[in-house]
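One structure is given below, encoded as structure tokens.
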Amino acid sequence: MTKIYLTHPRLFSLCILMVLGCAVGASLIQSSGGQVAISQIALPTQNGQHLAATLFKPRTATKETPAPFIVVIPGFQRSKEALANIAIELSRRGFVVASIDPYAQGHSSSSMSRLAATHEGYGLFALVDYAASTTNMNYIDRTKIGATGHSAGGNAAIRGANYFGREAKIKNTLSKLHSVFVSGYVLTLRKSVLKDVRSNVGISYALYDEGAFRNELQNGDMRLAPEALRVVNSGRNMGSKQIKKVVPGQMYGNLANRTLRVVHNEALLHPFQPYNKEATANQIAFFEHVFDHSSELSAYDQIWHWKEFFGLVAFVISLISIIPLGKIFLETETFKPLVHAIPEATTAPQGIGRVIFWGLFFVGASIACVSFIPMVEISKTLFFEASNRQQTWFFPQRMNNPVMLWALFNGLVGIALFYLSYRFYGRRHGADPSNWGISINRNELFLTMFLATIIFSCYYLILFSINYFFQIDYRFWFIGARVFQPDMLILLLMYVPFFLVFFAGNSLRVNAAMRFQDEAEWKSMLLAGLANSLGLVFIIVIQYTVFAVTGTVYWTHNWLYINLLFGIVPVMFILPYFNRYFFLMTGKIYLGPLVTCLIFIMILLTNTVCYIPIN
């Protein structure tokens, strides 16, 4: 029998074919098998701002048969791709949908307002005004415009109902916003906001929402929540008996005069609410009812999860592909000088050495755990403008700034622990610095940096091509790699040097302190992955253990920063794997952290709020 060896060019080609296959699959799901046209649009708005959106236009929406139009508004830290699921399901049922990048997120510009969700609906106000007045969108029914959003996007939706309700009251007309659905946000469901609403309103709030400590009853149960009761009673006629207990899922009010109200209370956590079948079905059912629109599809007949599956596979395979890609380049004459013999692995620690190893393992994890929140607080002072939503070129990413400080601090701590272990124990017990793979001359260093830049460029060139032809990126829920604007390259140069300390320190420890003789590679890399992510895992465990026991999260003031870790922990876990593979290719510790720092930090930079000044 002939054996087939998968060479590096063949493996890379296989990866690209799999990514292309996933792109085709995701595109077919997103376009409902070609029944929905997908396009990217940009709308100039006030103060020199602009709004980016993905438009989902069903083939059935025409000038002769205009369809209802719904704006989907992602929440804080989210881009238009993050809520593609609801856009897919609504457009699949014949609605025209625009999923927007909120101001200061994704491809939309920053806003001149520090409270863009409240004052501008994250761009909703401008888009609804345009849709309601233009003849260009002659395939939409301008009397049936709706909006839905999650978290801060939900705040934007109810603020839109308030804004257009006040306008309608002044002009004595119907509100431009026929109906809104508010998911994951109840803080602004106050009388001062609701009294001017002239739209049908649906509410969906997770029973186990981590931010519920901010609610009036400090829990997520909507049955007796004053916020939910105010919504329901805001649709009651003057003099009617007030509702004192809300029945989740029951409709109140009158659809004809736009006072219909419904409250849902799914048993979920806040960040996972948009990616739940029941929560998605509730939104679908709401809009089909308020717009008297029957698609003949059950609200639970959903296909969006297949796009998430294809996106996850594409994301994983795209990252795997950089390994054979790197090997291909290293076999060329240009980069062959970077290939060295693999240094000898260290002997596994025994006796006191084993105690020291595991002691430093847990000390490092503990420091990583306890240092995160202090770095959040320091970032608020050090990066004042970004922390206060002000436009700035000085580290303009509010949520990534504390992550950067944490990475810099823990990178230095990790290197210090490694050196102290060698200084006081390792050098007396056979540790040899020549086996660490750290010696490198200037020419090799520059050549390594050049190769890392080429691999990074190839990775994103493929992603840009996929996005251009198929209108998708590599994504699973709120984690993913998306295309970037030129401004992001400036930020990459700004953030990378500080993150690189952590990435380089990790490569040193993974390959010099956690690579033992006669130990299986999978065990070694698993240990390194745990070491790199355990501190952040501790934070999540503490947060949700306390939440499960008491009903209130441990860190309340900075709870959004804890939620950020759901997307960071997987990156921290897989990072050592790449550092090890590139080490085995080159015999040096440098190529791995340079490649991964460029790719992973660009992923981080393109998935967060960014207060870059408007040009």
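The values are calculated or read from the model by the stated rules, or taken from the named source; none is laboratory data. Predicted model only: the values in this text are computed from it and were never measured. We place every Cβ from the backbone using ideal geometry, glycine too, and count neighbours over all the protein chains shown.
Just a few scattered comments:
- Qualifying residue in region 344-358 (condition: touching a Leu at 6+ places or on another chain (Cβ under 9 Å) and surrounded by fewer than 20 Cβ atoms within 10 Å (Cβ to Cβ)): no
- The conditions of being at negative phi and part of a strand (DSSP E or B) are not met by Ala82.
- Total residues in region 53-76 satisfying the condition of being touching a Gly at 6+ places or on another chain (Cβ under 9 Å) and crowded, with 22+ Cβ neighbours inside 10 Å: the figure is 12.
- Some residue of region 367-375 being within 27 Å of Ala345 (Cβ to Cβ) and either touching a residue at least 40 places away in the same chain (Cβ under 8 Å) or not assigned by TED's automatic domain parsing to the domain that holds Gln105 (or both): yes
- Filtering Ile612, Ile562 for residues that are in contact with a Pro (Cβ under 8 Å, 6 or more places away or on another chain), under 30 Å from Ser109 (Cβ atoms) and either at pLDDT 90 or above or surrounded by 18 or more Cβ atoms within 10 Å (Cβ to Cβ) (or both) leaves a single hit, Ile612.
- Residue within region 169-188 that is assigned by TED's automatic domain parsing to the domain that holds Phe291, free of Cβ contacts under 8 Å to residues at least 24 places away in the same chain and not polar (S, T, N, Q) present: yes
- Arg509 basic (Lys, Arg), within 25 Å of Glu331 (Cβ to Cβ) and not assigned by TED's automatic domain parsing to the domain that holds Ser109: no
- Filtered by the rule that a residue be under 30 Å from the mean Cα position of the chain (by Cα) and in contact (Cβ under 8 Å) with a residue 40 or more places away in the chain, region 125-144 gives Ala126, Leu127, Val128, Asp129, Tyr130, Ala131.
- Of all the criteria given as (1) modelled with pLDDT under 90; (2) assigned to a helix (DSSP H, G or I); (3) touching a helix residue (DSSP H, G or I) at 6+ places or on another chain (Cβ under 9 Å); (4) not hydroxyl-bearing (Ser, Thr, Tyr), the one not satisfied by Arg423 is (3).
- In region 271-288, the residues that are under 27 Å from Arg258 (Cβ atoms) and in contact with an Asp or Glu (Cβ under 9 Å, 6 or more places away or on another chain): Gln273, Glu278, Ala279, Thr280, Ala281, Asn282, Gln283, Ile284
- Exclusive hit being in a helix (DSSP H, G or I) and not acidic (Asp, Glu), set Thr381, Thr332: Thr381
- Any hit, region 37-50, residues being at negative phi, buried (at least 24 other Cβ atoms within 10 Å of the Cβ) and at pLDDT 90 or above: no
- Hey, Gly326 over 30 Å from Asp473 (Cα atoms), part of a helix (DSSP H, G or I) and in the same structural domain as Leu598 (by TED's automatic domain parsing) or not: no
- Note on region 231-273: among residues that are buried (at least 20 other Cβ atoms within 10 Å of the Cβ), free of Cβ contacts under 8 Å to residues at least 60 places away in the same chain and within 34 Å of the chain's Cα centre (by Cα), the one that is farthest from Lys195 (Cα to Cα) is Val246.
- Count - residues of region 467-519 that are farther than 15 Å from Ile601 by Cβ, of a type in the set (Val, Ile, Thr) and part of a helix (DSSP H, G or I): 1
- Looking at Ser524, Ser533, just one residue is assigned to a helix (DSSP H, G or I) and under 24 Å from Asn401 (Cβ atoms), and that residue is Ser533.
- Test result for Ser457, closer than 28 Å to Leu408 by Cα, of a type in the set (S, T, N, Q), outside any loop (DSSP other than H, G, I, E, B) and without any contact (Cβ under 8 Å) to a residue 40 or more places away in the chain: yes
- When Arg389, Arg423, Arg428, Arg398 are checked against the criterion of being surrounded by fewer than 21 Cβ atoms within 10 Å (Cβ to Cβ), within 22 Å of the chain's Cα centre (by Cα) and more than 30 Å from Phe335 (Cβ to Cβ), Arg389 stands alone in meeting it.
- Among the residues of region 344-359, those that are part of a helix (DSSP H, G or I), out of contact with any Phe, Trp or Tyr (no Cβ under 8 Å at 6 or more places or on another chain) and either touching a residue at least 12 places away in the same chain (Cβ under 8 Å) or closer than 22 Å to Glu521 by Cβ (or both) comprise Arg354, Phe357, Trp358.
- Residue match in region 168-187 (condition: crowded, with 24+ Cβ neighbours inside 10 Å, among the charged types (D, E, K, R) and farther than 21 Å from Pro248 by Cα): no
- Of residues in region 199-250 being closer than 25 Å to Ile70 by Cβ and among the hydroxyl-bearing types (Ser, Thr, Tyr), the one modelled with the lowest pLDDT: Ser234
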